[in-house]
Amino acid sequence: MSMNVAQKLIHSHLMEGVMTPGKEIALKIDQTLTQDATGTLVMLELEAMGIIQVKTECSVQYVDHNLIQEDFKNPDDHLFLQSACQKFGVWFSRPGNGVSHPVHMQYFGKPGKTLLGSDSHTCAAGSIGMLAMGAGGLEVAMVMAGYPYFVKMPKIFGIKLTGKLPDWVSAKDIILEVLRRHSVKGGVGCVLEYYGPGLEYLSAMDRHVIANMGAELGATATVFPSDEQVRIFLAEEGRENDWEELVADKDATYDLNDEIDLSTLVPLIARPSSPDNVVPVTEIEGEDIYQAYIGSSANPGYRDFAMSALIVKGKQIAPQISYDISPTSRTILEDLVNEGHLAEMIHAGARIHQAGCNGCIGMGQAPATQANSLRTTPRNFPGRSGTLEDRVFLCSPETATASALTGKITDPRKLGMPYPTVSAVKRHAIDKSMLQSPLSSEQAQKVPLIKGPNIASLPKLSELSQAINLPVLLKVGDNISTDTIMPAGVRVLPYRSNIPKISEFVYDIIDRHYHVRAQAQHNEGGHVIIGGENYGQGSSREHAALAPRYLGLHLVIAKSFARIHLQNLINFGILPLTFCDATDYDKIMMDDYVVIEALHQALDLSSEVNAFVMNKNNDQNVRILLRHDLSKRQIDILKAGGLINWVREQSALK
């Protein structure tokens with residue numbers, strides 16, 4: 001049977017199930033990626049499961065999110081992660097080495113392999129012919145422990161690219177066009193696969209830009225073929241022997257289809273505060289800006305920084321502008337130095353930051369209040385930048401840099417200069433000195449885990465109750481992101497390994513008193529949250545499930561869920577149900593009680609669950625019908641109170 005690239009990758013790693021869209025399958029995972037904002041929990045979970053050594057071909061832990069060392073918390077966790085890597089047999093990328101996704105692509109990514117990462121942008125590795133997916137940390141820990149990865153078989157969404165990009169239009173404009181067409185929900189339940197003659201003109205790092213932001217469409221993964229462009233990339237990294245061709249069969253088909261003529265695209269920009277709020281730059285040009293930010297995993301390549309340097313060469317940015325350069329790896333920084341580009345940016349007025357995620361996750365470089373910030377980052381969810389009422393726009397390096405020069409949102413085609421040509425690096429830096437290789441199993445057994453005072457043990461979780469009679473403590477709307485549920489930034493992320501403390505920030509952006517009310521209700525049995533469409537979009541951070549669970553959240557009823565957050569809820573024993581009739585959302589108010597009787601039996605016997613909604617005076621009783629799409633395995637995990645409890649039960653039965 002003819003297959004496309006995504007189907008070939010899935011078929012070659014299929015351990016259980018059938019490749020029917022919507023059915024649960026189990027996949028063998030070759031590699032894992034963890035970063036420090038989520039990896040601390042992964043290492044604690046490995047410890048809790050009694051793991052001695054990881055079972056994957058290659059697992060790498062990066063320190064790229066929490067680099068600011070304003071007190072002991074971040075450096076203590078860096079030491080903990082380093083010791084955990086030595087103990088469990090994991091590569092360790094030291095602080096300042098760079099952002100996980102481009103560094104992994106540079107040193108570890110291989111066509112034809114599978115990669116699971118505790119970061120939603122792990123899908124970036126699909127740029128070199130990998131099946132790369134983001135997941136919650138506990139899912140990644142399970143894979144590292146030797147278990148398969150369970151996921152619903154996705155539909156394959158084929159996007160054919162034709163033509164060639166015009167001057168001043170680049171890869172960021174391609175993915176913004178896809179978001180403009182299909183929205184932040186357009187990729188849910190799908191793998192996006194790009195193909196067609198237009199790929200000839202897109203380098204591996206151009207493809208990284210597009211694959212990275214597949215996460216913003218809610219896609220399970222993004223896949224590109226492993227072709228000549230991928231071979232060129234791996235050869236430049238000294239790894240041509242890792243290349244293998246992986247392309248779709250000539251008569252391969254797709255479940256869904258779209259086509260983009262690259263020659264018709266124009267510079268695009270996503271307005272605040274959603275990645276799919278996309279318009280042509282010309283529609284909003286002229287608005288004053290405060291910041292132009294170049295970098296992040298969404299535009300991590302040498303070309304992106306060099307392009308910015310060539311645009312500002314011999315010029316000065318506007319006086320009120322913060323022109324922030326956030327290099328994505330030490331080797332890219334070294335290349336920029338060797339080629340003279342860094343000097344050009346510094347001369348123009350750039351502020352140079354250490355290699356890492358930095359402002360993308362709200363760890364520094366926060367914009368001024370109500371001031372426009374143009375960023376090459378993947379997300380512009382409210383408050384993610386570190387400023388509560390921010391105005392973040394997403395755009396290409398060309399648009400951000402042009403706007404830095406003029407001080408206003410500017411279509412780069414109007415700069416009145418020739419489109420710069422980025423030349424190949426004369427001597428590309430390849431340096432693995434900041435990567436610490438795993439120890440032998442004999443050496444690893446002697447390594448103690450270094451735990452600073454900020455690291456708390458994982459809370460114990462109770463089993464799912466046989467019946468629910470709980471109040472609604474929060475009701476939210478559509479497209480609630482995990483950044484809203486569990487904010488990032490300098491005031492929150494340092495507590496990522498301390499669940500009792502980080503739980504104080506849950507839903508802080510929407511309701512500053514939520515955690516107080518939730519803690520008070522916890523003693524009475526817990527509570528319920530009501531959500532709209534696409535609940536839990538965005539980051540893979542499992543804190544957005546574990547911290548609310550710690551506060552007594554037992555049930556979320558929504559119109560629909562984002563894939564990764566749905567599984568995170570299940571992993572920590574929170575029941576996710578959806579409305580059979582979306583209008584029932586309007587029948588539930590804050591402080592109403594949701595009642596479900598014989599819950600275990602209802603989950604076992606049917607995909608539909610009867611519930612009753614009573615107001616707080618118990619004088620009004622409304623019946624609503626809910627549903628789930630849970631597999632038997634997921635139901636068993638929920639009954640056990642979460643995945644760690646379920647693993648313990650399974651181990652006891654052996």
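Just so it is clear, none of the values below were taken in a lab; they were calculated from the coordinates. Note that this is a predicted model, so its numbers are computed, not measured. Neighbour counts run over all protein chains shown; Cβ positions are idealised from the backbone, glycine included.
Values computed for the structure shown
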{"read-out": "Whole-Å semi-axes of the chain's equivalent ellipsoid (Cα gyration tensor)", "value": "38, 27, 25"}
{"read-out": "Relative packing of peptides 637-645, 443-451 - highest average C-beta neighbours within 10 Å first", "value": "637-645, 443-451"}
{"read-out": "Kirkwood Rh, angstrom, segment 468-653 [1 / mean 1/r, Cα pairs]", "value": "16.6 Å"}
{"read-out": "Least to most buried among Leu33, Leu415, Leu199 (fewest other Cβ within 10 Å first)", "value": "Leu415, Leu199, Leu33"}
{"read-out": "All-pairs alpha carbon distance profile, segment 268-414, 5 Å steps from 0, percent", "value": "2, 12, 23, 25, 21, 12, 5, 1"}
{"read-out": "Ala368-Arg491 FRET efficiency (beta carbon distance; Förster radius 30 Å; 0.05 resolution)", "value": "0.95"}
{"read-out": "Vicinal HN-Hα couplings computed from phi for segment 311-318 (Karplus, 6.51 cos²θ - 1.76 cosθ + 1.60; Hz; Gly/Pro x)", "value": "5, 8, 3, x, 10, 10, 5, 4"}
{"read-out": "Overall dimensions of segment 5-264 as given by Cα atoms, namely Rg and Dmax in Å", "value": "18.2, 58"}
{"read-out": "Ranking of Val90, Val490 by count of other Cβ atoms within 10 Å, fewest first", "value": "Val490, Val90"}
{"read-out": "Lysines whose Cα lies under 23 Å from that of Lys155, excluding same-chain neighbours fewer than 8 positions away", "value": "Lys8, Lys23, Lys28, Lys113, Lys185, Lys250, Lys559, Lys632"}
{"read-out": "Integer Hz, Karplus 6.51/-1.76/1.60 couplings in order for segment 144-150, x for Gly and Pro", "value": "4, 7, x, 8, x, 9, 9"}
{"read-out": "Separation in nanometres of the label points that stand 7 Å from Cα toward Cβ, at Ile52 and His522", "value": "3.6 nm"}
{"read-out": "Overall dimensions of segment 540-630 as given by Cα atoms, namely Rg and Dmax in Å", "value": "13.4, 41"}
{"read-out": "On Cα atoms only, tilt of 73-88 relative to the major axis of the chain in degrees", "value": "80 degrees"}
{"read-out": "Highest average packing first - 235-242, 492-499, 417-424, Cβ atoms within 10 Å", "value": "492-499, 235-242, 417-424"}
{"read-out": "Residue among Ala221, Thr282, His104 farthest towards the positive dipole end of the chain, charges placed on Cβ", "value": "His104"}
{"read-out": "18 Å tail of the calculated P(r), segment 503-562, as % of Cα pairs", "value": "32 percent"}
{"read-out": "For segment 5-264, share of DSSP beta bridges that run antiparallel, in % to the nearest 5", "value": "20 percent"}
{"read-out": "Contour minus Cα-Cα distance for Ala26 and Leu605 (0.36 nm per residue)", "value": "206.1 nm"}
{"read-out": "Footprinting exposure proxy for Glu389, Glu542 (fewest neighbouring C-beta atoms within 10 Å first)", "value": "Glu389, Glu542"}
{"read-out": "Given charges at beta-carbon only (K, R positive; D, E negative), |dipole| of segment 1-69 in Debye", "value": "320 debye"}
{"read-out": "Rounded if a/c under 1.5, otherwise prolate or oblate - segment 169-316, Cα gyration tensor axes", "value": "oblate"}
{"read-out": "For segment 298-382, the spread of Cα positions along each principal axis, largest first, Å", "value": "37, 28, 17"}
{"read-out": "Gain on full stretching of the segment that runs from Lys432 to Lys315 - 0.36 nm per residue minus C-alpha separation", "value": "38.6 nm"}
{"read-out": "Per-residue ³J(HN,Hα) for segment 420-425, Karplus 6.51 cos²θ - 1.76 cosθ + 1.60, θ = phi - 60°, Hz, x for Gly and Pro", "value": "x, 10, 8, 7, 5, 5"}
{"read-out": "Unit charges at the beta carbon, dipole of segment 468-653: most positive-side option, Gln567, Tyr495, Gly641", "value": "Tyr495"}
{"read-out": "Burial order of peptide ranges 49-56, 341-348, 401-408, 298-305 (average beta-carbon count within 10 Å, highest first)", "value": "298-305, 401-408, 341-348, 49-56"}
